[in-house]
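> Handing you this structure, nothing more for now.
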Amino acid sequence: MTPTPEQDFDALVESDQRVEPRDWMPEGYRKTLVRQIAQHAHSEIIGMQPEGNWIGRAPSLRRKAILLAKVQDEAGHGLYLYSAAETLGVDRSELLDLLHAGKQRYSSIFNYPTLTWADMGAIGWLVDGAAIVNQVPICRCSYGPYARAMVRICKEESFHQRQGFEILHTLSHGTPAQHEMAQDAVNRWWWPSLMMFGPPDDQSPNSAQSMAWRIKRFSNDELRQKFVDMTVPQSQVLGLTPPDPDLHLDEETGHWRFGEIDWSEFFAVLKGDGPCNQDRIEHRRRAHDEGAWVRDAASAYAEKHRARSEGVA
Amino acid sequence: MSDTLLAPDVATYALRLGDDALVLAQRLGEWVANAPQLEEDVALANIALDLLGQARSLLTYAGASEGQGRTEDDLAFLRDERAFVNVTMVEIANGDFGVTMARQLCFSTYQLGLYDVLRASSDETLAGVAGKAVKEVAYHRDHATQWVLRLGDGTDESHNRMQAGLERVWPHVDELFEADDLERRLSATGVGVDTSTLRAPWDAYVDGVLARAGLTRPDASWLAAGGRRGLHTEAFGHLLAEMQHLHRSHPGASW
């Protein structure tokens with residue numbers, strides 16, 4: 001008996017091979033991927049704002065160059081990811097419209113403000129660090145274009161994480177004012193970074209299906225623990241203290257146990273009530289609207305020249 | 001040794017070229033997360049990075065030639081407005097994308113001409129910087145050219161905005177080619193470039209682009225001057241305030 005397309009798909013996923021754009025896929029799989037890849041792409045471009053906020057003020061030319069390169073990488077990640085989403089039959093402008101209308105999300109972490117230079121360090125070390133833990137397993141995601149985009153992105157993210165660590169290391173071992181700036185940034189970014197892995201497993205409705213489809217490989221809580229285990233020893237090297245009095249090493253398991261996360265804050269920010277939700281979207285809409293005439297001009301020019309070259313031919 | 005005699009001139013000259021690159025990089029950095037489309041966020045950041053790289057080499061060399069131990073950061077963050085010797089074109093506020101592309105076309109055409117000659121400088125460091133930068137700036141000019149063509153020959157609105165962008169930038173064009181004694185001395189010894197010789201090829205290239213784009217070469221009603229002598233626009237003080245404040249708030253700190 002010839003297998004049905006669905007059986008083919010299941011077998012493909014089961015055997016850890018990649019689903020490619022032309023393969024049959026269940027509608028739910030396609031929708032889940034569009035939602036997740038778009039959210040990821042949006043996070044990259046919204047994430048350019050809090051860091052872009054410091055390009056003009058970077059305290060040395062070397063730091064300015066690194067930060068510019070980093071924010072440029074994020075724009076590039078946005079491009080790969082929108083392209084990956086486009087293989088699923090949506091286009092970038094549609095996805096941007098959904099973002100601007102508040103109908104698709106981006107990572108809530110970018111709804112916190114970057115108040116000092118040390119926040120560039122904390123974002124690199126903690127936020128990019130958490131993103132790497134989240135994203136490395138996606139390099140083995142069942143959907144080929146997403147997995148391949150993620151391989152490239154993860155390489156760059158690990159550079160971002162190191163530069164963040166280095167910023168904080170320099171500040172922590174610098175003047176007392178610099179050390180204080182670094183500790184303050186860690187105090188503000190620590191808990192939101194732990195929230196980046198999403199709600200606890202028992203409150204994460206979409207996780208089971210994503211795991212079955214091999215879009216997701218580990219649960220939110222597993223990834224969060226992995227991040228904490230990786231990060232606490234680094235904080236000791238930095239000479240900075242995570243703002244969690246309950247943080248301790250569980251000698252038996254070797255895991256760092258952390259205190260309770262304030263999920264009411266997470267859900268409030270997710271709902272739109274974070275310190276920068278409104279600013280981030282307004283900024284995006286403004287840049288997009290102000291650029292409309294430029295995009296229109298490019299299309300009009302392309303159209304004219306196509307018509308002219310056809311006229312000649 | 002003529003090198004020793006020339007050193008203060010070379011320091012000033014490297015500072016001029018370095019300030020041009022630094023200030024334009026600072027302006028272009030303002031576009032990041034504000035560009036009309038994601039590809040332009042990437043492109044403008046890329047151009048800013050190229051310019052910043054040039055600035056860092058040139059300021060470092062200026063500090064070394066000056067011989068007072070000033071680093072690239074000392075020069076970038078601890079000088080006041082009147083000590084900056086960039087041309088005023090690079091400090092013009094970004095305005096809309098039309099103004100930015102007009103500024104980019106005018107400046108990169110000038111800078112490409114300059115670096116192209118400077119590649120043969122008898123000063124090895126300047127020749128080296130120019131040799132690397134000439135490839136970068138060829139891309140900057142191409143990028144600006146493509147946009148000026150698209151905006152000039154796109155929609156009515158884009159045509160009008162592109163023309164307005166040129167009008168905004170044009171008063172700062174003549175200043176690019178204002179050679180002074182220092183430049184003439186350095187050009188006579190094969191170290192620097194006499195910018196007045198760059199004017200004719202500049203006109204030919206830019207006029208060609210404007211003609212293809214259906215744009216009109218503006219007639220400047222006034223002419224900016226004096227950037228090389230530390231005379232800047234009002235906007236420039238604000239640019240420096242933003243760029244320098246953090247560095248200056250922590251005297252002596254390392255970053």
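> Checking the conditions here, which among A:E180, A:E156 is within 17 Å of the chain's Cα centre (by Cα), within 14 Å of chain B (Cβ to nearest Cβ) and surrounded by fewer than 22 Cβ atoms within 10 Å (Cβ to Cβ)?
A:E156
> State whether the residues of region B:48-62 include one that is without any contact (Cβ under 8 Å) to a residue 24 or more places away in the chain, polar (S, T, N, Q) and assigned to a helix (DSSP H, G or I).
The answer is yes; a qualifying residue exists.
> Does A:P200 meet the test of being away from every other protein chain (no Cβ under 14 Å) and either open to solvent by less than 30 Å² (accessible area, probe 1.4 Å) or within 21 Å of the chain's Cα centre (by Cα) (or both)? Outline the logic, then answer.
Details: away from every other protein chain (no Cβ under 14 Å): yes; either open to solvent by less than 30 Å² (accessible area, probe 1.4 Å) or within 21 Å of the chain's Cα centre (by Cα) (or both): yes.
Considered against the rule, which asks whether it is away from every other protein chain (no Cβ under 14 Å) and either open to solvent by less than 30 Å² (accessible area, probe 1.4 Å) or within 21 Å of the chain's Cα centre (by Cα) (or both), A:P200 comes out as yes.
> Mind listing whichever residues of region A:33-67 are farther than 19 Å from A:L168 by Cβ, of a type in the set (A, V, I, L, M) and at the interface with chain B (Cβ under 8 Å from one of its Cβ atoms)?
Within region A:33-67, the subset farther than 19 Å from A:L168 by Cβ is A:33-46, A:48-49, A:52, A:56, A:61.
With the extra rule that they be of a type in the set (A, V, I, L, M), the set shrinks to A:33-34, A:37-38, A:41, A:45-46, A:48, A:61.
Of everything in region A:33-67, those that are farther than 19 Å from A:L168 by Cβ, of a type in the set (A, V, I, L, M) and at the interface with chain B (Cβ under 8 Å from one of its Cβ atoms) turn out to be A:I45, A:M48, A:L61.
> Looking only at region A:89-134, which residues are among the hydrophobic types (A, V, I, L, M, F, W, C), assigned to a loop (DSSP other than H, G, I, E, B) and open to solvent by 10 Å² or more (accessible area, probe 1.4 Å)?
Step one: list which residues in region A:89-134 are among the hydrophobic types (A, V, I, L, M, F, W, C), which gives A:90, A:95-96, A:98-99, A:101, A:109-110, A:115, A:117-118, A:120, A:122-123, A:125-127, A:130-133.
Keeping just the survivors that are assigned to a loop (DSSP other than H, G, I, E, B) gives A:90, A:101, A:115, A:117.
Matches in region A:89-134: A:V90, A:A101, A:L115.
> So A:P233 ticks every box in (1) open to solvent by 40 Å² or more (accessible area, probe 1.4 Å); (2) in a helix (DSSP H, G or I); (3) of a type outside the set (D, E, K, R); (4) in contact (Cβ under 8 Å) with a residue 40 or more places away in the chain but one. Which box is left unticked?
(4)
> Quick one: B:D73 ticks every box in (1) within 14 Å of chain A (Cβ to nearest Cβ); (2) more than 22 Å from B:S249 (Cβ to Cβ); (3) open to solvent by 10 Å² or more (accessible area, probe 1.4 Å) bar one, so which box is it?
With respect to (1) within 14 Å of chain A (Cβ to nearest Cβ); (2) more than 22 Å from B:S249 (Cβ to Cβ); (3) open to solvent by 10 Å² or more (accessible area, probe 1.4 Å), B:D73 is out only on (2).
> Please go through region B:51-63 and give me each residue that is in contact with a Lys or Arg (Cβ under 9 Å, 6 or more places away or on another chain) and either surrounded by fewer than 18 Cβ atoms within 10 Å (Cβ to Cβ) or not polar (S, T, N, Q) (or both), ordered by number. Steps first, answer last, please.
As a first pass, look at region B:51-63 and keep what is in contact with a Lys or Arg (Cβ under 9 Å, 6 or more places away or on another chain): B:52-54, B:56-59, B:62-63.
The answer is B:L52, B:G53, B:R56, B:L58, B:L59, B:A62, B:G63.
> Right, something else. So, in region A:161-175, exactly how many residues are under 25 Å from the mean Cα position of the chain (by Cα), within 12 Å of another protein chain (Cβ to nearest Cβ) and surrounded by fewer than 17 Cβ atoms within 10 Å (Cβ to Cβ)?
1
> Taking the stated definitions as given, is B:F84 touching a helix residue (DSSP H, G or I) at 6+ places or on another chain (Cβ under 6 Å), facing chain A (nearest Cβ under 10 Å) and open to solvent by less than 10 Å² (accessible area, probe 1.4 Å)? Break it down into steps so the answer makes sense when it comes.
Working: touching a helix residue (DSSP H, G or I) at 6+ places or on another chain (Cβ under 6 Å): yes; facing chain A (nearest Cβ under 10 Å): no; open to solvent by less than 10 Å² (accessible area, probe 1.4 Å): yes.
No, not satisfied.
The values are calculated or read from the model by the stated rules, or taken from the named source; none is laboratory data. A quick note: this is a predicted structure, and the numbers were derived from the prediction, not measured. Cβ: placed from backbone, ideal geometry, glycine included. Neighbour counts: every protein chain shown. Accessible surface areas use protein heavy atoms only, side chains included; no ligands, DNA or RNA. Shrake-Rupley method; radii C 1.70, N 1.55, O 1.52, S 1.80 Å.
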